[in-house]
1. Applying the selection to the stretch A:151-179, what residues are more than 14 Å from every other protein chain (Cβ to nearest Cβ) and on the phi > 0 side of the Ramachandran plot?
2. Just need a number here: residues in the stretch A:130-180 that are touching a strand residue (DSSP E or B) at 6+ places or on another chain (Cβ under 6 Å), farther than 29 Å from B:R52 by Cβ and either surrounded by fewer than 20 Cβ atoms within 10 Å (Cβ to Cβ) or not assigned by TED's automatic domain parsing to the domain that holds A:G249 (or both).
3. Kindly check whether there is at least one residue in the stretch A:47-62 that is surrounded by fewer than 13 Cβ atoms within 10 Å (Cβ to Cβ), over 30 Å from the mean Cα position of the chain (by Cα), modelled with pLDDT of 85 or more and within 12 Å of chain B (Cβ to nearest Cβ).
4. Look through A:A246, A:A228 and report the one residue that is modelled with pLDDT of 85 or more and either part of a strand (DSSP E or B) or closer than 18 Å to A:A137 by Cα (or both).
5. Out of (1) at pLDDT 50 or above; (2) closer than 17 Å to B:R22 by Cα; (3) crowded, with 19+ Cβ neighbours inside 10 Å, what's the single condition that is false for B:F51?
6. Looking at this structure, is A:R134 at pLDDT 85 or above and either under 25 Å from the mean Cα position of the chain (by Cα) or of a type outside the set (A, V, I, L, M, F, W, C) (or both)?
7. If you scan the stretch B:24-44, which residues turn out to be crowded, with 20+ Cβ neighbours inside 10 Å, more than 7 Å from every other protein chain (Cβ to nearest Cβ) and either within 19 Å of A:G175 (Cβ to Cβ) or basic (K, R) (or both)?
8. When you look at A:G110, is it touching a Phe, Trp or Tyr at 6+ places or on another chain (Cβ under 9 Å), modelled with pLDDT under 75 and under 28 Å from B:L42 (Cα atoms), yes or no?
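The values are calculated or read from the model by the stated rules, or taken from the named source; none is laboratory data. Quantities reported herein were computed from a predicted structural model and do not represent experimental measurements. Quick reminder, even Gly has a Cβ in these numbers, built from the backbone with ideal geometry, and neighbours come from all protein chains shown.
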Amino acid sequence: MTVNGDPLPVGEDDLQGWVDGRLGQQRNALVEAWFAENPETAARFRAMAAQRHALRAALGEGQAEPVPARLRVANLLAARRQARLHGVRRIAAVAAWLVIGGGLGWAGHGLLVPQGAAVTATRPMVAEALSAHRVFAADAVRPVEVAAAQEAQLVGWLSSRLGRPLEAPDLAQLGYHLLGGRLLAGAAGDPAAQLMYAGPGAERLTVYLRADRAGGAGPEFRFAEVPAQGITAFWWVDRGFGFAVAAEGLERLALQRVAESVHRQVALSQAL
Amino acid sequence: MMAGGERAMAALIEPHIPALRRFAWALLRDRTAADDLVQDCLERAISSWHFRRHEADAKAWLFAILHNLFRMGRRSASRRGHALPLDEQGDEGLQVADPTADQAAEHRLIWRDTLIALEALPEDQRVVLLLVGVEDFSYDAAAQLTGVPVGTVMSRLSRGRERLRRLIAGDSTVDLARPPLRRVK
């Protein structure tokens, strides 16, 4: 059916919109008029609208009941504080033990983050990581070359190109899942890998790594940023490999937590 | 005691907990499993609160986390003791509260049939029917939340509703192979 001044015929999306009561007045009138001419279809869609109401009513029933204590935010926060306290004590204990033993390993690492100082990236590896983040994280269509669905392939490929066994860090605990990765060329011609993750709100986070034998940096975290773009990174160099964890507009502490997790997983996989 | 930031976070999260429980229950049909899923969702939401885009709608963000957890099947049930007595069974919410009220009883039978039919839908269709039809998410929001194009949401909605209708109508020939979204003239 067509109506003067409205060239669009009634479509399936109009009919669904009608069921949901989301059509504008004009469109709604058009659908109602169309229903008058198509009584069989009209009956089907009226039934669907009735079923939508029944579903809402059936599921709305239990809504009045109070939220159980274990689902109260205050209680969840208290439980979390408790757990974190345990964690801090454990790390502190390990750190103390390592100091007594004469060396401070990666476990004490999180305690050594320089607070405050924002270092702008001058190291090539870090500059590459930041610009690679800017270029690819913003790419909605093709953020990665190889998707996470082929994680084994991706990891095998990047490992062989980088000449180093690589594992994609699992950041699910922090709300990030692997989207995939790509191979890039570092400044000195070294192959570099970028792993891309998406957070709960689809925000992107990247882990960049390549061989980095330039001196002057070690396994302690350093902070770098491109202030104009709000892109920040924590980076470190460990046994000839440079790592940078970058994100845009992410709180420093939150980014640090991700970087710590990546660092820990990399350290563990190297130990194996 | 909650700090100011935590109170603000609680104020943004708590209003959505009843809806999250409803969605989780509709997906799992088990009160305890549903609340486990919601608890898991809330724990993740709290720990990644700072990762959230500030302009993002808290409700959509919470539902996206819950939906992801559901899909990943990561229902860390019985990770800790249940604070609640197991006083609820799957169908409890559907029992007739006042058997003398015939009309109410009839409504409840209809609701019950609808829920049974809902359970027979493929998971993707069920999720979209719930997000759009019950939780009032826009088609775009439902698409973003489930990570599919809006056209896919529309076709799942269309197929899901048709299938639900035929199931409730007692049509035994419900087919899976309904043609995809098209314009009807």
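1. The answer is A:G163, and nothing else.
2. Qualifying residue count for the region: 2.
3. Within the stretch A:47-62, not a single residue is surrounded by fewer than 13 Cβ atoms within 10 Å (Cβ to Cβ), over 30 Å from the mean Cα position of the chain (by Cα), modelled with pLDDT of 85 or more and within 12 Å of chain B (Cβ to nearest Cβ).
4. None of the other options fit; the residue is A:A246.
5. So the condition that B:F51 fails would be (2).
6. Criteria met by A:R134.
7. B:A24, B:R31, B:D36, B:L37, B:D40, B:C41
8. Yes; evaluated as a whole, the condition is true for this residue.
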